[in-house]
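Notes for the one structure printed next.
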Amino acid sequence: MLKWLVSAALIGSLCAGPALAQKSGGILRMYFQDNAPSGSIHEEATTSTVVPFMGVYNNLIVFDQQQARNSLETIVPDLAKSWSWNADKTQLNFKLHEGVKWHDGQPFTAKDVACTFDLVQGKGQQKLRKNPRASWYGNLEKVVVNGDHDVTFQLKRPQPSFPILLASGYTPIYPCHVSPAQMRTKPVGTGPFKFLDFKVNEHIKLTRNPDYFKKGKPYLDGIEFTIVTNRSTAILGFVSKRFDMTAPYVVTIPLLKEIKDQVSDANCTVASMNNSTNLIVNKDTPPFDNPKLRQVLLLSLDRKAFVDILNQGDAIIGGVMLPPNDGVWGLPPAMFNEVKGYGADVAKSRAEGREIMKSLGYGPDKRLKLRVSTRNHLQYRDPAVILIDQLKEVYIDAELDLVDTSAWFAKVARKDYSVGLNTTGNGVDDPDQTFFEHYACGSERNYTNYCNPEFEKLFVAQSSELDPQKRKQLVWDLDRKILEEGTRPIVMWNRAATCLHPYVKGHVSMVNSLYNGSRYEDIWLDK
């Protein structure tokens with residue numbers, strides 16, 4: 001048996017009380033830019049749920065909240081105190097902490113783990129209303145309960161990166177005894193904070209869990225997330241110290257200068273966050289059932305203009321996986337620049353796009369009219385406006401269709417759009433998430449209905465590969481092939497800042513996923 005056991009010293013450090021320098025008490029006040037669709041992390045695909053609610057829950061294992069880069073090496077215990085693989089990486093066993101309680105006082109057991117993954121896989125009697133990450137667990141055969149505090153995940157084939165999926169902020173454990181409907185409005189977890197109140201367009205409030213199994217944590221008495229949709233109002237609130245920190249990853253590079261000019265001692269971290277701006281195109285309905293028109297969209301894009309206008313040059317251009325050096329799996333620049341429609345010669349690409357439009361009967365005097373749908377959120381609206389301007393270069397006149405956050409993900413999931421400007425955040429920096437979630441046939445998060453059975457065989461091949469270097473070569477080949485198909489064209493990989501006042505301690509911005517660092521059990525206020 002090959003074992004990956006966590007040392008007693010590390011377990012002790014996670015469960016120990018606060019160090020002398022850390023202070024307990026106080027309410028952390030943060031603004032957030034829009035409403036959470038619900039409190040049920042398993043049913044949502046947005047930081048608007050993960051950021052305010054990750055602290056309500058625990059995972060089996062989690063990325064170390066004090067490490068900026070997520071990897072297999074930075075995974076630490078959470079509800080599980082140790083874990084071990086069998087020899088061929090098809091069985092993953094977890095030994096669980098004893099004495100853990102749900103917020104309603106019920107005991108946590110291995111049955112809750114099994115119930116959670118039955119729910120995600122659609123095997124249980126209760127069903128999720130939305131299930132955006134069902135594709136993550138297509139290789140999971142079953143979860144076997146070996147006792148109250150022992151559980152084994154049985155896989156259909158080897159999958160060495162499986163723990164990375166379990167460590168994401170998107171993978172909390174739910175209680176068997178609470179319905180999915182209640183989890184949307186009054187979630188019950190085992191986490192450091194208990195749900196207190198959620199008023200739409202006003203706030204989300206959490207309070208300290210006095211029975212948290214990690215003794216001495218959390219340090220905060222609670223957290224208040226105030227919904228502030230106006231960007232200027234939100235920044236003013238931070239500058240005036242109404243808020244202790246900004247919402248994570250929402251301070252654009254231009255706004256960062258404005259904040260630093262007014263609050264010179266603000267601690268601001270710029271991170272890549274594994275979030276791309278991309279086009280989603282409904283290829284199943286006219287006019288984009290015509291592949292030539294989809295190609296025109298790809299050829300119209302001036303990616304450098306997006307980067308320069310939105311991020312003052314501080315963003316990354318790349319392929320399907322987060323590019324290096326921030327990402328682990330992204331295409332090397334030389335390979336990326338060889339892909340048609342992604343090179344630097346924008347004038348040549350647009351000229352080709354106009355010729356295609358003329359062959360389809362369009363031109364300067366007969367322009368294609370369409371609506372570009374996007375989420376009514378600052379990370380979506382601004383690039384959508386730039387996209388509309390760029391489409392004019394290839395005889396396309398578009399108008400903006402703004403969609404509220406609560407309706408956006410349901411809208412695109414049911415393919416109720418023609419062209420959409422989307423931002424896609426990846427829950428983890430791993431091909432098993434990206435390929436199966438965004439490009440596999442039938443995935444709920446495959447918003448374009450892309451389906452290539454031959455590629456899916458390659459998805460499985462890279463996932464099962466035990467040699468990291470061989471796997472990387474397979475991933476690069478897939479990345480390039482998907483780009484060549486013109487599916488879900490990537491515009492750029494975003495970077496943005498999170499700002500805190502100097503008295504906010506213990507927060508680390510993660511650089512290769514914006515979904516995994518919001519547990520907040522390590523934050524404390526030095527005031």
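The values are calculated or read from the model by the stated rules, or taken from the named source; none is laboratory data. These numbers were taken from a predicted model, which means no experiment stands behind them. As a convention, Cβ positions derive from the backbone with ideal geometry for all residues, glycine included, and neighbour counts pool all protein chains shown.
Annotations for the structure displayed:
- Looking only at residues in segment 158-179 that are part of a helix (DSSP H, G or I) and either out of contact with any helix residue (DSSP H, G or I) (no Cβ under 7 Å at 6 or more places or on another chain) or β-branched (Val, Ile, Thr) (or both), the one that is farthest from VAL143 (Cα to Cα) is ILE164.
Yes or no, residue by residue, for (1) over 24 Å from VAL511 (Cα atoms); (2) over 19 Å from the mean Cα position of the chain (by Cα); (3) without any contact (Cβ under 8 Å) to a residue 24 or more places away in the chain; (4) assigned by TED's automatic domain parsing to the domain that holds ASP308:
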{"residue": "ARG375", "(1), (2), (3), (4)": "no, no, no, yes"}
{"residue": "GLN379", "(1), (2), (3), (4)": "no, no, no, yes"}
{"residue": "ILE388", "(1), (2), (3), (4)": "yes, yes, yes, yes"}
{"residue": "ASP397", "(1), (2), (3), (4)": "yes, yes, no, yes"}
{"residue": "VAL403", "(1), (2), (3), (4)": "yes, yes, no, yes"}
{"residue": "SER418", "(1), (2), (3), (4)": "yes, yes, no, yes"}
{"residue": "ASN422", "(1), (2), (3), (4)": "no, no, no, yes"}
{"residue": "VAL428", "(1), (2), (3), (4)": "no, no, no, yes"}
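- Filter result (buried (at least 20 other Cβ atoms within 10 Å of the Cβ) and part of a strand (DSSP E or B)) within segment 192-207: PHE193, LYS194, PHE195, PHE198, ILE204, LEU206
- Any hit, segment 358-366, residues being of a type outside the set (Asp, Glu) and in contact with a helix residue (DSSP H, G or I) (Cβ under 6 Å, 6 or more places away or on another chain): no
- For segment 394-421, filtering for residues that are surrounded by fewer than 16 Cβ atoms within 10 Å (Cβ to Cβ) and part of a strand (DSSP E or B) leaves 4.
- Filtered residue count, segment 382-416, keeping only those that are modelled with pLDDT of 95 or more and within 25 Å of ASN274 (Cα to Cα): 9
- Taking the criterion of being surrounded by fewer than 24 Cβ atoms within 10 Å (Cβ to Cβ) and part of a loop (DSSP other than H, G, I, E, B), the residues of segment 492-511 that qualify are ARG495, HIS501, PRO502, TYR503, GLY506, HIS507, VAL508, SER509, VAL511.
- Members of segment 339-354 found to be surrounded by 13 or more Cβ atoms within 10 Å (Cβ to Cβ) and not small (Gly, Ala, Ser), listed by number: VAL339, LYS340, TYR342, VAL346, ARG350, GLU352, ARG354
- Test: ARG184 is more than 19 Å from LEU79 (Cα to Cα), of a type in the set (D, E, K, R) and part of a loop (DSSP other than H, G, I, E, B): no
- The sole residue among VAL307, VAL339 that is touching a strand residue (DSSP E or B) at 6+ places or on another chain (Cβ under 8 Å) and either β-branched (Val, Ile, Thr) or assigned by TED's automatic domain parsing to the domain that holds ASN512 (or both) is VAL307.
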